[in-house]
Amino acid sequence: MSIVSRRVILVNGSPKIKSNQSVSELFVNLQENSMKEAGIDVGRINVRDSITLGKTQEDYLEMSQADAIIFTFPLYIFCLPGILMRFLQDYQQFLMKQNLTIEKEQKIFAVVNCGFPEPDINEEAVRVIKSFSRQIGALFGFGVMIGGGGMFLGTIDAPFMKKTKAELYNAFDQMSEMIIKMELSPMENRFIKPNFPRKLYLFAADREWISAAKKNGLKKRDLYRRPYLK
Amino acid sequence: MKALILIDKEYQTDIYEQLHNTIKDYFEQKKFELDEIKIGKEDLAFCMGCFGCWVKKPGECVIDDTMSQINHKFINSDVVICLSPLVFGQFSANIKNALDRWLPNVLPFFITRPDGSTMHPSRYKSYPRQIVIAYAEDIKDEDAELVVDIVKKHRRSMDVIVYKNSQAKLLESLNNIDMMRVGDEL
Ligand SMILES: Cc1cc2nc3c(=O)[nH]c(=O)nc-3n(C[C@H](O)[C@H](O)[C@H](O)COP(=O)(O)O)c2cc1C
């Protein structure tokens, strides 16, 4: 049996300037590990870099030729960030203008994380990627919805995150398998959140805002400013 | 009474023209003072996800562009109407850029709403009534349902209308909305 090589493009749609501060980047790293282990050829695209460095056209061409694309991004006001919408809208235009068709039976997956603890609020963002997939003629695989995004950087290797990390790998391994087998039928979405009390997470986050403001020379009450009152 | 209309420069289609005229007439008849902002591809920087609007310059985006003017007008309007192209079931890129950069208008902290969901507390005591009107040449049912879920599932004080060419339906929907400022429940 000959091994057919597959190529996946991992797209990070976080608007953050420094990718090492992006939670999505961490998930993309885990995806890369999973895909490489499965023998899949991996390409990576950072949406902000692609736009600022003016290399969207070559990136779009790469995307159109891939066997699969995974879009990983943060939830912004309950849907996709503006920068990712710009990237996807222009991609659709690119395909139409160049009269290009995407790779046959291309698969698309979505990995969405949010700051609030509840993973299920990412559902609409996953549906947007599904709608996009349908409109460009790709097959949507499934979505991974991650709550408590603010926790992952710096804790991912901590013992209490072991189960969560395993769930992430399990989802990404499932994607790898679907890509290799060119599995056509969609799967159920996954919901993942850190094994951590909700109240404590919110409490810690609130403290974090105050301490960040203090580092910027502000007092707690400054956080409540109302600059636009006439 | 002041109404602010946000418009995407990129999708100036026939259906947009019809919609825009209807909206303008509607609010002019109601004696609103109208203001319009057209947002194009090069007009607004993308949000950088830095949270500077919460912890550096509370209430204002740290990027110096027309967004501060838009947010100022937003807070001081009675009604804000967002005419958004419906793209993949959500707001178009230009409109979404403005919505992302609306974040300074809430506080960073977390609250738990009566239904158990998380939200940020309001920064201001009251807000304009917000109405999203989504339009496109050809709207799939799934996309229409999706934009309604995006707006209605998570927010208590924002309305959404999907415009499918029917002026009568649009007017009926508008007539069902209280055209005045709302409180601080987001
Ligand atoms: C403008 C803006 C809007 C956001 N909207 C939401 C939201 O609606 N719900 C939520 O849970 N988190 C929201 N967040 C938080 C991000 O989803 C969260 O910080 C995420 O972990 C960032 O991922 P990234 O580091 O890959 O960019 C928002 C953040 C920003 C900057």
Along region B:148-156, what does the Karplus equation 6.51 cos²θ - 1.76 cosθ + 1.60 (θ = phi - 60°) give for ³J(HN,Hα), rounded to whole Hz, x for Gly and Pro? 5, 5, 4, 7, 7, 5, 10, 10, 9
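So which chymotrypsin sites (Phe, Trp or Tyr not before Pro) in region A:50-106 are both in a DSSP loop and have at most 12 other Cβ atoms within 10 Å of their Cβ?
When the chymotrypsin sites (Phe, Trp or Tyr not before Pro) of region A:50-106 are filtered for loop state and at most 12 Cβ neighbours within 10 Å, nothing remains.
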Name the shape class, rounded, prolate or oblate, that the alpha-carbon gyration tensor gives for region A:106-179, where a ≥ b ≥ c are the square roots of its eigenvalues, rounded holds for a/c under 1.5, and otherwise prolate holds if a/b is larger than b/c and oblate otherwise. oblate
Please compute the modelled spin-label separation between B:Met180 and A:Asp222, points set 7 Å along Cα→Cβ, answer in nm with one decimal. 3.8 nm
What number comes out for the charge environment of A:Lys230, summing +1 per Lys or Arg and -1 per Asp or Glu over other residues with Cβ under 12 Å away? +3
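Which whole-number percent gives the relative contact order of chain A, counting Cα pairs below 8 Å spaced six or more residues apart?
Worked out over chain A, it gives 19 percent.
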Shape verdict for region A:31-163, please, from the Cα gyration tensor: rounded (a/c under 1.5), prolate (a/b greater than b/c) or oblate. prolate
Identify, among A:Ile136, A:Val42, A:Pro227, the residue whose Cα sits farthest towards the positive end of the charge dipole of chain A, taking +1 on the Cβ of Lys and Arg and -1 on the Cβ of Asp and Glu, with the dipole about the Cα centre. A:Pro227
Where labels lie 7 Å past Cα in the beta-carbon direction, separation of A:Lys18 and A:Leu184 in nm: 4.8 nm
Calculated from DSSP helices alone, with each H run of at least 4 adding -39500 (n - 2.57) and the total divided by the residues of chain A, [θ]222 nm to the nearest 500 comes to -14000 deg cm²/dmol
Note down the nm distance, to one decimal, between modelled labels 7 Å out along Cα→Cβ at B:Asp138 and at B:Lys152. 2.6 nm
Counting DSSP beta bridges with both partners in region B:2-175, what percentage is antiparallel, nearest 5? 15 percent
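Could you sort B:Ser122, B:Ser92, A:Ser185 by accessible area so the largest value comes first, with the probe set to 1.4 Å?
A:Ser185, B:Ser122, B:Ser92
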Residues other than A:Gln98 with Cβ under 15 Å of its Cβ, Lys/Arg counted +1 and Asp/Glu -1, net out at -4
Counting just the Cα atoms, what span does region B:138-186 cover along each of its three principal axes? Round to the nearest Å and put the largest first. 35, 23, 10
Residue-by-residue Karplus 3J(HN,Hα) for region B:47-61, coefficients 6.51, -1.76, 1.60, Hz, glycine and proline x: 3, 9, x, 8, 6, x, 5, 10, 10, 10, 9, x, x, 9, 6
Provide the FRET efficiency to the nearest 0.05 for the B:Lys24-A:Met96 pair, computing r from the beta carbons and using R0 = 30 Å. 0.45
Report the relative contact order of region B:2-175, percent, no decimals, based on alpha-carbon pairs under 8 angstrom and at least 6 residues apart. 24 percent
Counting only protein heavy atoms and using a 1.4 Å probe, what share of the accessible area of region B:2-175 belongs to carbon plus sulfur, as a whole percent? 48 percent
On full extension of the chain, what length is gained from A:Val4 through A:Leu61, given 0.36 nm per residue of separation minus the C-alpha to C-alpha distance? 18.4 nm
Summing +1 per Lys or Arg and -1 per Asp or Glu among the other residues with Cβ less than 9 Å from A:Asn195's Cβ gives +3
Over 22 Å between Cα atoms: which of A:Lys107/B:Lys9; B:Lys140/B:Lys164; B:Lys96/B:Lys140; B:Lys24/B:Lys164; B:Lys2/B:Lys153; B:Lys96/B:Lys169 fall into that group? A:Lys107/B:Lys9; B:Lys2/B:Lys153; B:Lys96/B:Lys169
How long, wide and thick is chain B, going by the Cα atoms along their three principal axes, in whole angstroms, largest first? 45, 39, 36
Surface/4 of the Cα convex hull for the protein assembly as shown, nm²: 20.7 nm²
To the nearest 500 deg cm²/dmol, what mean residue ellipticity at 222 nm is calculated for chain B from DSSP H runs of n ≥ 4 alone, each contributing -39,500 (n - 2.57), summed and divided by the residues? -9000 deg cm²/dmol
Dimensions (Å) - chain A, Cα atoms, principal axes, largest first: 64, 45, 27
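Roughly speaking, what is the stretch gain from A:Asp206 to A:Asp120, that is 0.36 nm per residue apart minus the C-alpha to C-alpha distance, in nm to one decimal? Working shown, then result.
Numbers: separation 86, 0.36 × 86 = 30.96 nm, distance 2.18 nm.
Difference between extended and current length: 28.8 nm.
The values are calculated or read from the model by the stated rules, or taken from the named source; none is laboratory data. Since the structure is predicted, the reported quantities are computational estimates derived from the model, not experimental observations. Positions of Cβ are generated from backbone atoms using ideal geometry, with glycine treated the same way; all protein chains shown enter the neighbour counts. In case anyone asks, the SASA skips ligands and DNA or RNA and just uses the protein heavy atoms, side chains included. Shrake-Rupley method; radii C 1.70, N 1.55, O 1.52, S 1.80 Å.
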